[in-house]
Amino acid sequence: MFGLFGSKKPERSPEVVVDGLRESVKTTREAVRLARTTGDTRAEAKAREDLSKHVSALKVMLVGDLSASETAVPPAEMDVSRLIRLACTGDLLSLLAENLPLMVFETRKDAVQIFNNLLRRGMEDSTRVTAPDDGAIGIDEPVTAVGQISKGGGHLVMILVAGYDDNEIA
């Protein structure tokens with residue numbers, strides 16, 4: 001991507017973007033809580049905008065840049081693989097699902113597209129993939145986000161089902 005005066009912006013890794021998303025979620029939660037107690041919504045709006053930028057960056061990494069330009073930019077396969085690994089071994093899917101209420105409508109649509117895309121993709125990896133809490137999740141077998149959901153004890157499924165209680169999210 002080119003920034004102001006044609007200078008190239010530094011590329012960010014998927015791990016950096018996901019970490020930024022985590023921080024942005026924390027900031028947005030705090031801003032929403034503060035807005036409810038004080039009535040000042042400026043910080044909340046800024047935090048939601050920052051959250052939207054991080055979700056948008058994830059979407060561009062996963063599906064490419066399909067903006068209004070004449071040529072669409074496809075996603076980098078290495079970034080896609082790393083995002084899938086983060087979804088399979090980390091908390092990316094639950095991070096998106098749990099925080100849908102914090103997002104504005106357009107950001108929610110992007111988050112749902114990311115979630116669906118990660119569920120549909122698989123990653124074949126012949127190396128040992130280690131999950132943070134339960135050891136190895138696969139050797140010489142495809143590792144998918146759907147497989148991680150089924151191993152998660154239903155926590156993510158319960159979050160998704162509970163989303164139907166909120167009319168804005170459902």
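Every read-out reported here was derived from the displayed coordinates using simple, explicitly stated rules and does not represent laboratory data. The structure displayed is predicted, hence computed values, not measured ones. With ideal geometry, Cβ positions are generated from the backbone for all residues, glycine too; neighbour counts draw on all protein chains shown.
Points to keep in mind about this one:
- Summed side-chain charge close to residue 113 - residues other than residue 113 whose Cβ falls under 13 Å, Lys, Arg +1, Asp, Glu -1: +3
- Peptides 160-168, 91-99 ranked from most to least packed by the mean count of surrounding Cβ atoms within 10 Å: 91-99, 160-168.
- In this rough spin-label picture, where each label sits 7 Å from Cα along the Cβ direction, the residue 15-residue 81 distance is 1.5 nm.
- Peptides ranked, highest mean first, by Cβ atoms within 10 Å: ranges 53-59, 113-119: 53-59, 113-119
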